[in-house]
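Undergrad: Sharing a structure here in structure tokens format.
Taken together, the values in this text are just the output of simple stated rules run on the coordinates, not laboratory data. Only a predicted model underlies this, so the values are computations on that prediction, with no experimental measurement involved. Please note: Cβ atoms are built from the backbone with ideal geometry, for glycine as well, and neighbour counts cover all protein chains shown.
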Amino acid sequence: MPQQICYCFGYTEEDIHQDVLLHKRSLIMERIVSEKKDGHCRCAEKNPTGR
């Protein structure tokens, strides 16, 4: 089972790996930052550590 990286948006290690293969680098962090700026972050509710 792939390691969960982002509980808010459901990204896993495998997602990052596939993103690098597709784009030659991962764009996932940029997507996460953009979503957080738009107020779509729910880490406190979804992440077991509350972060």
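Undergrad: Between Cys43 and Glu13, with labels modelled 7 Å along Cα→Cβ, what's the label distance in nm to one decimal, could you check?
TA: Inter-label distance under the simple model: 2.1 nm.
Undergrad: Now for a separate question. With θ set to phi - 60° and the Karplus curve 6.51 cos²θ - 1.76 cosθ + 1.60, what are the ³J(HN,Hα) couplings of the range 8-18 in order, to the nearest whole Hz, using x for Gly and Pro?
TA: 4, 10, x, 6, 10, 4, 5, 4, 5, 4, 5
Undergrad: Give the lysines whose C-alpha is closer than 20 Å to that of Lys46, dropping any in the same chain fewer than 8 places away, or say none.
TA: Cα-Cα hits under 20 Å: Lys36, Lys37.
Undergrad: Calculate, in nm to one decimal, what Leu21 and Lys36 gain on full extension: separation in residues at 0.36 nm each, minus their alpha carbon distance.
TA: Between Leu21 and Lys36, full extension yields an extra 2.9 nm.
Undergrad: Can I ask one more? Would you mind checking which residues have amide H under 5 Å from Tyr11's amide H? H placed 1.01 Å from N; only 5 or more apart, or other chain.
TA: Those qualifying (amide H under 5 Å, at least 5 residues apart or on another chain) are Ile5, Cys6.
Undergrad: Could you tell me how many degrees, from 0 to 90 and to the nearest 10, lie between the Cα long axis of helix 28-37 and the main elongation axis, the longest principal axis, of the Cα atoms of the chain?
TA: 30 degrees
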